[in-house]
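A.B. asks: The following block contains the structure, expressed as structure tokens.
The values are calculated or read from the model by the stated rules, or taken from the named source; none is laboratory data. Bear in mind that the values here come from a model prediction, so they are computed numbers and not experimental data. Methodologically, a virtual Cβ is constructed for each residue, glycine included, from the backbone with ideal geometry; neighbour enumeration extends over all protein chains shown.
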Amino acid sequence: MNKKITAKTGSRERRLHNLGRLFRPSSIAVVGGSQAEGAIRANRRAGFAGSIWAVNPTRAVLAGEHCFASIEDLPYAPDAVLLALSPERSVEAVEALSAMGAGGAVCMAAGFAELGAAGRALQNRLRQVAGDMAVLGPNCMGVMNLFDGIAVWGSDNHIEPLGECGAALISQSGAFAYGITNVERSFPLGYSISTGNQAVIDAADCIDAVLEDDRVHAIGLYLEGLDNGNRLGAACWRALQKGVPVVALKGGETPAGEAIAVSHTGAMVVETDLWQAFTRRFGIVEVSTPKALVEALKFLTVSGAPRGARLCAVTYSGGLNGLIAATAPAHGLTLPQPSDEGRAALCAMMPETVPVANPLDLNVPFSSSSGISAENGESIAEGIANLARDVSDMIVFFLDVPRRDDLALDATWLPSLQYLGDVARELDVPCAVAGILPEGLDLQLRQELINAGVTPLLGFADAMEALSVGVQFGQTQARLAGRTLPRLLDAQPADAGTRMLDEAASKALLGSYGLTLPESRSATAEDAGQQAEELGFPVALKVLSDTIAHKAKIGGVQLGLNSREAVEQAVTDIQQALTVAPGTPSAEKFLVEQMVSAPVAEYVVGIKRHAALGLALMVGRGGVDVETYRNHRTMFLPLIEDDLTEELLGLGLVPETLGYTALRSAIHAVAAFAEAHQDSLQALDVNPIIVTSQGAAIAADALVILS
């Protein structure tokens with residue numbers, strides 16, 4: 001690759017067009033050696049009918065394909081390219097491919113931004129030379145289109161035929177995507193996409209691309225972090241408007257996880273409270289484990305989201321019924337009892353010894369000439385339909401079926417499941433069979449259920465979470481219906497330095513935006529007593545400092561002072577406390593402030609900054625114990641009024657709550673200040689906001705940090 005060609009930075013629209021070429025190519029080039037052979041074998045085995053070209057300057061043949069000596073020797077610009085090269089040679093190859101008009105490339109090499117400054121510089125170079133090309137990676141496995149039998153992927157892989165309905169998995173981790181693709185079976189996966197460091201193409205681009213394919217019925221995300229919240233949010237919003245659920249699993253939450261995420265893909269990690277606020281804002285549903293992600297995508301793809309939370313549960317175990325009843329509420333599921341008509345019809349079929357209830361224990365005979373029996377699948381289906389009709393939004397048969405072998409132990413149970421697809425279609429509700437154990441359903445049975453439109457779920461806990469995800473998606477659609485695309489404030493990287501304002505300066509800024517404050521005066525050690533006397537007792541005395549963030553914890557605050565002498569003694573006490581506290585300056589300036597009378601509750605309102613997500617507002621229970629209670633709610637700016645109402649309700653606050661209106665006004669004042677200073681505001685803490693018996697909300701302390 002001696003030819004020096006400089007590509008120009010491309011537009012997102014052209015890149016998205018080329019991403020479609022990468023995902024659904026008619027020509028594929030593989031550049032590299034033995035690591036690239038697997039992709040050739042996988043595509044040929046899957047029946048890929050397009051052109052496959054190998055590029056290797058030292059080999060004549062690669063996996064049975066004639067090798068071209070260089071990229072420039074290719075017959076024409078390929079739609080998709082797999083680059084199994086070193087980091088430096090990958091950049092050179094992308095430059096050459098972009099110049100010739102290639103559609104997209106998978107850059108497998110690691111050694112970019114995840115390694116530090118030198119790697120970031122190389123990754124920036126890759127981004128610059130990509131031009132209009134859609135480049136996945138670097139540090140990724142690539143993309144598999146299992147709908148069409150296409151693998152632009154860094155290894156050989158199982159590619160099994162898929163029908164016209166499947167899920168798309170978009171993962172920053174290549175190993176995560178590889179494991180699901182090669183290990184999970186009877187999982188209708190249409191696209192498996194590994195994004196790696198996301199230098200050019202990110203998860204948002206991939207969501208937009210798969211939404212162009214109507215065969216995609218659900219999208220799964222595994223993210224270690226993100227770099228552009230507005231773009232990812234907008235892509236997830238488009239999915240929501242199209243009725244395609246986006247289900248996400250996020251890594252990197254703990255300090256150890258964050259360190260691994262940064263070293264793995266260079267990802268910008270998002271704290272849990274910010275991530276949850278992000279998912280609520282843009283209609284994303286979360287899961288807690290990799291297996292729950294698979295089961296949720298499977299349920300949404302095969303059966304679709306239920307219209308409500310009413311679960312009709314059927315078992316062959318009274319003990320299991322107790323577990324279902326105990327677990328359902330935590331997953332937002334209800335267990336409605338049958339209608340009077342349904343109960344009468346079911347009682348007429350069932351033995352008198354079997355209670356008719358939901359969950360239903362099918363403690364029925366194996367054979368019967370007159371009523372329901374285990375060997376008569378049609379009678380089982382009729383009984384389930386009677387139980388669920390008009391009262392249920394989904395039906396799940398919880399059952400472990402013995403594996404198929406010469407013992408034929410499964411034959412006893414198979415009739416019970418034979419006509420579940422008919423019940424689902426008759427009642428027009430999602431239907432699933434959930435194995436209690438992860439291996440509770442045989443592979444062949446799972447595929448037969450899928451063919452019948454019934455979802456095979458594996459493992460009780462993950463099955464229950466999958467059902468909950470389906471319910472949450474429907475609730476999310478209803479909650480966000482009629483809204484326009486929300487946005488986040490742009491958050492450019494902060495300047496290197498920050499400055500903390502003292503309490504008086506912080507309050508002066510916030511007060512100009514409508515935050516209600518106690519009357520106060522700045523003072524020296526010498527005149528603090530006189531200032532307090534003029535202000536009127538009782539007062540609070542606080543050290544004024546632009547370096548001490550938590551004054552009360554080091555003895556820098558004295559409350560409820562009722563005389564000049566008490567104030568003067570408090571000055572001495574604060575000065576002595578700061579002398580003892582390590583690393584604190586001496587107390588030279590003070591704030592004398594009227595005490596807030598008749599307090600009934602304390603709250604905290606704060607602002608957090610995230611480079612990819614902008615400014616987030618936190619509101620919760622306040623005072624010195626704010627970190628102990630940890631009962632707070634987070635939402636992004638600009639505020640959305642319905643979201644604010646919902647988050648306050650989550651704190652137990654309703655319009656009738658004393659001080660509700662004033663607290664809400666205080667929140668708006670803080671939000672207005674934050675939006676006006678979005679370029680420089682790094683953090684903000686108003687704690688406490690004291691609600692009084694008269695319904696006022698008064699900010700007793702404040703801290704602002706600016707860049």
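A.B. asks: Just to be sure, is Gln444 more than 30 Å from Val314 (Cα to Cα) and either part of a helix (DSSP H, G or I) or without any contact (Cβ under 8 Å) to a residue 40 or more places away in the chain (or both)?
C.D. replies: Details: more than 30 Å from Val314 (Cα to Cα): no; either part of a helix (DSSP H, G or I) or without any contact (Cβ under 8 Å) to a residue 40 or more places away in the chain (or both): yes.
The answer is no for Gln444.
A.B. asks: Right, Val471: under 30 Å from Thr289 (Cα atoms), assigned to a helix (DSSP H, G or I), in contact (Cβ under 8 Å) with a residue 40 or more places away in the chain and among the aliphatic types (A, V, I, L, M) or not? Break it down into steps so the answer makes sense when it comes.
C.D. replies: On the way: under 30 Å from Thr289 (Cα atoms): yes; assigned to a helix (DSSP H, G or I): yes; in contact (Cβ under 8 Å) with a residue 40 or more places away in the chain: yes; among the aliphatic types (A, V, I, L, M): yes.
Considered against the rule, which asks whether it is under 30 Å from Thr289 (Cα atoms), assigned to a helix (DSSP H, G or I), in contact (Cβ under 8 Å) with a residue 40 or more places away in the chain and among the aliphatic types (A, V, I, L, M), Val471 comes out as yes.
A.B. asks: Got a number for residues in the stretch 581-607 being touching a residue at least 60 places away in the same chain (Cβ under 8 Å) and part of a loop (DSSP other than H, G, I, E, B)? Explain how you work it out, then say what you get.
C.D. replies: Of all residues in the stretch 581-607, those touching a residue at least 60 places away in the same chain (Cβ under 8 Å) come to 587-607.
Then drop every residue that is not part of a loop (DSSP other than H, G, I, E, B), which leaves 587-588, 595-598.
Residues flagged as touching a residue at least 60 places away in the same chain (Cβ under 8 Å) and part of a loop (DSSP other than H, G, I, E, B) within the stretch 581-607 amount to 6.
A.B. asks: Using the structure shown, decide if Val91 is surrounded by 22 or more Cβ atoms within 10 Å (Cβ to Cβ) and touching a Gly at 6+ places or on another chain (Cβ under 8 Å).
C.D. replies: Values: surrounded by 22 or more Cβ atoms within 10 Å (Cβ to Cβ): yes; touching a Gly at 6+ places or on another chain (Cβ under 8 Å): no.
For Val91, the condition - surrounded by 22 or more Cβ atoms within 10 Å (Cβ to Cβ) and touching a Gly at 6+ places or on another chain (Cβ under 8 Å) - is not met.
A.B. asks: Given the options Leu515, Leu489, Leu559, name the one that is over 24 Å from Met394 (Cα atoms), touching a strand residue (DSSP E or B) at 6+ places or on another chain (Cβ under 6 Å) and surrounded by fewer than 17 Cβ atoms within 10 Å (Cβ to Cβ).
C.D. replies: Working: Leu515 fails: surrounded by fewer than 17 Cβ atoms within 10 Å (Cβ to Cβ); Leu489 fails: surrounded by fewer than 17 Cβ atoms within 10 Å (Cβ to Cβ).
Answer to the selection: Leu559.
A.B. asks: When you go through Pro415, Pro438, Pro402, Pro430 one by one, which is the residue that is of a type outside the set (Gly, Ala, Ser) and in contact with a Pro (Cβ under 6 Å, 6 or more places away or on another chain)? Walk me through how you get there before you give the answer.
C.D. replies: On the way: Pro415 fails: in contact with a Pro (Cβ under 6 Å, 6 or more places away or on another chain); Pro438 fails: in contact with a Pro (Cβ under 6 Å, 6 or more places away or on another chain); Pro402 fails: in contact with a Pro (Cβ under 6 Å, 6 or more places away or on another chain).
Only one candidate qualifies: Pro430.
A.B. asks: Looking at (1) in contact with a Lys or Arg (Cβ under 9 Å, 6 or more places away or on another chain); (2) part of a strand (DSSP E or B), which is the only condition Glu164 fails?
C.D. replies: Just one mismatch for Glu164, condition (2).
A.B. asks: Sticking with this one: From the list Leu578, Leu617, pick out the single residue that is part of a strand (DSSP E or B) and touching a residue at least 24 places away in the same chain (Cβ under 8 Å). Quick ask: steps written out before the conclusion?
C.D. replies: Details: Leu578 fails: part of a strand (DSSP E or B).
After applying the criteria, what remains is Leu617.
A.B. asks: Still on this structure, I have one more. Anything in the stretch 63-78 that is closer than 20 Å to Val94 by Cβ, in contact with a strand residue (DSSP E or B) (Cβ under 9 Å, 6 or more places away or on another chain) and surrounded by 15 or more Cβ atoms within 10 Å (Cβ to Cβ)? List them, or say none. Working first, answer last.
C.D. replies: Of the residues in the stretch 63-78, the ones closer than 20 Å to Val94 by Cβ are 67-78.
This time we only want the ones that are in contact with a strand residue (DSSP E or B) (Cβ under 9 Å, 6 or more places away or on another chain), so: 67-71, 73-78.
Residues satisfying the conditions are Cys67, Phe68, Ser70, Ile71, Leu74, Ala77, Pro78.
A.B. asks: Something else: Answer yes or no: is there a residue in the stretch 104-125 that is under 18 Å from Ala209 (Cβ atoms), assigned to a loop (DSSP other than H, G, I, E, B) and touching a Lys or Arg at 6+ places or on another chain (Cβ under 7 Å).
C.D. replies: From the stretch 104-125, those under 18 Å from Ala209 (Cβ atoms) are 104-107; that's our starting set.
Checking the rest, the ones that are also assigned to a loop (DSSP other than H, G, I, E, B) come to none.
The answer is no; no qualifying residue exists.
Every residue, every condition in (1) small (Gly, Ala, Ser); (2) under 28 Å from the mean Cα position of the chain (by Cα); (3) modelled with pLDDT under 95, yes or no:
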site	(1), (2), (3)
Pro456	no, yes, no
Ala461	yes, yes, no
Leu467	no, yes, no
Ala491	yes, yes, yes
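A.B. asks: Let me ask something else. Can you pull out the residues in the stretch 579-636 that are surrounded by 14 or more Cβ atoms within 10 Å (Cβ to Cβ), modelled with pLDDT under 85 and not aliphatic (A, V, I, L, M)?
C.D. replies: Within the stretch 579-636, Thr584, Gly622, Gly623 meet the criteria.
A.B. asks: Is the stretch 681-694 home to any residue that is free of Cβ contacts under 8 Å to residues at least 40 places away in the same chain and in contact with a helix residue (DSSP H, G or I) (Cβ under 7 Å, 6 or more places away or on another chain)? Full working, then the answer.
C.D. replies: So in the stretch 681-694, the residues free of Cβ contacts under 8 Å to residues at least 40 places away in the same chain come out as none.
So far as the stretch 681-694 goes, no, none of its residues is free of Cβ contacts under 8 Å to residues at least 40 places away in the same chain and in contact with a helix residue (DSSP H, G or I) (Cβ under 7 Å, 6 or more places away or on another chain).
A.B. asks: Now, a different point. Can you tell me which residues in the stretch 167-178 are of a type in the set (A, V, I, L, M, F, W, C) and either in a loop (DSSP other than H, G, I, E, B) or touching a residue at least 40 places away in the same chain (Cβ under 8 Å) (or both)? Working first, answer last.
C.D. replies: The first filter runs over the stretch 167-178 and keeps only residues of a type in the set (A, V, I, L, M, F, W, C), leaving 167-170, 175-177.
If the condition is that a residue be of a type in the set (A, V, I, L, M, F, W, C) and either in a loop (DSSP other than H, G, I, E, B) or touching a residue at least 40 places away in the same chain (Cβ under 8 Å) (or both), then Ala167, Ala168, Leu169, Ile170, Phe176, Ala177 are the ones that fit.
A.B. asks: For the stretch 391-415, which positions are in contact with an Asp or Glu (Cβ under 8 Å, 6 or more places away or on another chain) and either under 19 Å from Ile324 (Cα atoms) or modelled with pLDDT of 95 or more (or both)?
C.D. replies: Val401
A.B. asks: Name, by its number, the condition in (1) at negative phi; (2) of a type outside the set (Asp, Glu); (3) touching a residue at least 60 places away in the same chain (Cβ under 8 Å) that does not hold for Tyr660.
C.D. replies: (3)
A.B. asks: Can you say whether Asp406 is farther than 21 Å from Val364 by Cα and in a loop (DSSP other than H, G, I, E, B), as far as the supplied structure shows? It would help to see each step written out before you state the result.
C.D. replies: Working: farther than 21 Å from Val364 by Cα: yes; in a loop (DSSP other than H, G, I, E, B): yes.
It is true that Asp406 is farther than 21 Å from Val364 by Cα and in a loop (DSSP other than H, G, I, E, B).
A.B. asks: Select, from Leu122, Leu83, the only residue that is in the same structural domain as Gly179 (by TED's automatic domain parsing), within 33 Å of the chain's Cα centre (by Cα), closer than 21 Å to Arg24 by Cβ and modelled with pLDDT of 95 or more. Walk me through it before giving the result.
C.D. replies: Values: Leu122 fails: closer than 21 Å to Arg24 by Cβ.
Within the list Leu122, Leu83, the selection yields Leu83.
A.B. asks: Can you tell me which residues in the stretch 450-460 are outside any strand (DSSP E or B) and touching a residue at least 40 places away in the same chain (Cβ under 8 Å)? Before you say what the answer is, go through the steps one by one.
C.D. replies: Kept after step one, since they are outside any strand (DSSP E or B), are these residues of the stretch 450-460: 450-454, 459-460.
Ile450, Gly453, Val454, Gly459, Phe460 - these are the residues of the stretch 450-460 that are outside any strand (DSSP E or B) and touching a residue at least 40 places away in the same chain (Cβ under 8 Å).
A.B. asks: Of all residues being at pLDDT 85 or above and polar (S, T, N, Q) in the stretch 217-273, which is surrounded by the fewest Cβ atoms within 10 Å (Cβ to Cβ)? Just the residue, please.
C.D. replies: Thr272
A.B. asks: Next question. From the set of residues in the stretch 274-319 that are small (Gly, Ala, Ser) and assigned to a helix (DSSP H, G or I), which is surrounded by the most Cβ atoms within 10 Å (Cβ to Cβ)?
C.D. replies: If we filter the stretch 274-319 for residues that are small (Gly, Ala, Ser), which is where we start, we get 277, 283, 288, 292, 296, 303-305, 308-309, 313, 317-319.
Retained after the next criterion (residues that are assigned to a helix (DSSP H, G or I)): 277, 292, 296, 318-319.
On the way: Ala277: 23, Ala292: 22, Ala296: 30, Gly318: 12, Gly319: 9.
Here the residue is Ala296.
A.B. asks: Continuing with the same structure: Considering Asn376, Asn386, which residue is touching a Leu at 6+ places or on another chain (Cβ under 8 Å) and surrounded by 15 or more Cβ atoms within 10 Å (Cβ to Cβ)? Walk me through it before giving the result.
C.D. replies: Details: Asn376 fails: touching a Leu at 6+ places or on another chain (Cβ under 8 Å).
Answer to the selection: Asn386.
A.B. asks: I would also like to ask the following. Give the stretch 50-70 a look and list any residue that's of a type in the set (Gly, Ala, Ser) and free of Cβ contacts under 8 Å to residues at least 24 places away in the same chain, or say none. Spell out how you get there, then give the answer.
C.D. replies: Restricting attention to the stretch 50-70, the residues satisfying the condition of being of a type in the set (Gly, Ala, Ser) are 50-51, 54, 60, 63-64, 69-70.
Correct list: Ala60, Ala69.
A.B. asks: Let me ask you something else. What tally of residues in the stretch 438-456 results from selecting those that are hydrophobic (A, V, I, L, M, F, W, C) and out of contact with any Leu (no Cβ under 8 Å at 6 or more places or on another chain)?
C.D. replies: Residues that pass the stated criteria total 2.
A.B. asks: Of all the residues that make up the stretch 49-59, how many are touching a strand residue (DSSP E or B) at 6+ places or on another chain (Cβ under 6 Å) and not in a strand (DSSP E or B)? Even if it seems obvious, please write down each step before you answer.
C.D. replies: Pass one, the stretch 49-59, residues touching a strand residue (DSSP E or B) at 6+ places or on another chain (Cβ under 6 Å): 50-56, 59.
If we keep only those that are not in a strand (DSSP E or B) as well, we get 50, 56, 59.
Residues that pass the stated criteria total 3.
A.B. asks: Still on this model: If I filter the stretch 683-694 for residues that are more than 29 Å from Gln492 (Cβ to Cβ) and touching a Ser or Thr at 6+ places or on another chain (Cβ under 8 Å), do I get at least one hit?
C.D. replies: Yes.
A.B. asks: Related question: For the stretch 72-101, how many residues are touching a residue at least 40 places away in the same chain (Cβ under 8 Å) and in a helix (DSSP H, G or I)?
C.D. replies: Of the residues in the stretch 72-101, 11 are touching a residue at least 40 places away in the same chain (Cβ under 8 Å) and in a helix (DSSP H, G or I).
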